[in-house]
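Student: The structure is given below, and queries will be raised subsequently.
Each reported figure results from applying straightforward, stated rules to the coordinates on display, with no laboratory input. Note that the structure is predicted; figures quoted are calculated from it, not measured. Cβ: placed from backbone, ideal geometry, glycine included. Neighbour counts: every protein chain shown.
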Amino acid sequence: MRYEVKTQLTPAEALRRAIKYFGPQGVGLEITDLNQACLIFQGGGGHVAVTACPGKDAKEKTRVELETREWDYAVRQFMVEVHA
């Protein structure tokens, strides 16, 4: 399933929050890929991919795209936490 949420957080902060929420100290997923704009977590028979893109200008919010298999509830809860 694919989701999208807008946030006032910077892309870097949105990814830091995703690590805290989905990673070993949060939901317990393993980080399998990490770069400046995208994270991929795996575990429990599924995955979560998080991409954070800056807005086009100072007024536009950061767009966080999430793709998941088996972790829809956790993804929706994360979206509530970061929603602007």
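Student: Being surrounded by 20 or more Cβ atoms within 10 Å (Cβ to Cβ), part of a helix (DSSP H, G or I) and not small (G, A, S) is the filter here; which residues of segment 13-34 pass it?
Tutor: Selection gives L15, Y21, F22.
Student: Taking the condition of being in a strand (DSSP E or B) and buried (at least 17 other Cβ atoms within 10 Å of the Cβ), how many residues in segment 2-12 meet it?
Tutor: Result for segment 2-12: 2.
Student: Same structure, new question: For segment 39-58, name all the residues that are surrounded by 14 or more Cβ atoms within 10 Å (Cβ to Cβ) and among the acidic types (D, E).
Tutor: Hits for segment 39-58: nothing passes.
Student: Let me confirm something: among V27, V75, V64, which residue is more than 20 Å from K6 (Cβ to Cβ) and either in contact (Cβ under 8 Å) with a residue 60 or more places away in the chain or out of contact with any Leu (no Cβ under 6 Å at 6 or more places or on another chain) (or both)?
Tutor: V27
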